[in-house]
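Shown next, in structure tokens, is the structure this report addresses.
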Amino acid sequence: MVIYSSSSGAQLGTFEPFEIGDEEVVLTGLWLDHLDLSYRIMFEIEIGWDRPIHADLGELEIMIRRGDSTGEIVDWTQETCFNSTLTIVDASTVEGSSYQNYVLTVKSPGTRARIIGPYLLKGTVLSK
């Protein structure tokens, strides 16, 4: 059963596209509270991105981190594209504290990705 949902992000066209390189970049964060050990958290990630013109193939690493940009990785995935794509990822976790911050971060070794939008991090708190 859904307890509540929260989301954060930016819509397509609300920012200038930007390249992602070797350094991890925070796209957005999400604060969830009133958590219980019996709850499960489902994450939905949506990222619109493409490959820069200088790259043969686009590559993007996507992470959800607990706490802050250097916190524990809750979920990690690596995506590739030939031109542009909208990546959608689902992940889940359980939380040991009554509140927590989660951040959506990305990096691209060799600067092989550009965020074009939209991007979204949604957390849904569910009872088990």
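Things to note:
- Nearest-20 debye value, segment 11-128 charge dipole, Cβ charges on Lys, Arg, Asp, Glu: 220 debye
- Read-out P(r) over Cα pairs in 5 Å bins from 0, in percent, derived from the coordinates shown; its label in (1) 2, 11, 22, 22, 17, 11, 7, 5, 1, 0; (2) 2, 13, 19, 19, 17, 13, 9, 5, 2, 1, 0; (3) 2, 11, 23, 25, 21, 11, 4, 2, 1, 0, 0: (1)
- Restricting segment 39-79 to chymotrypsin sites (Phe, Trp or Tyr not before Pro) in coil, as DSSP defines it, with at most 12 other Cβ within 10 Å: none
- Count Lys and Arg as plus one, Asp and Glu as minus one, and take only other residues whose Cβ is under 12 Å from that of Thr28; the net charge is then +1.
- The packing ranking of peptides 8-21, 62-75, highest mean first, is 62-75, 8-21, where packing means the average number of other beta carbon atoms within 10 angstrom of each residue.
- Length gained on full extension, Ser92 to Val25, computed as 0.36 nm times the residue gap minus the Cα-Cα distance: 22.0 nm.
- Environment charge of Ile45, counting only residues whose C-beta is closer than 9 Å and scoring Lys/Arg +1, Asp/Glu -1: -3
- Peptides 78-88, 99-109 ordered by average Cβ neighbours within 10 Å, highest first: 99-109, 78-88
The numbers here are math on the coordinates, done by the rules we state, and not lab data. Note that this is a predicted model, so its numbers are computed, not measured. Cβ sites come from the backbone with ideal geometry, for glycine too, and all protein chains shown count toward neighbours.
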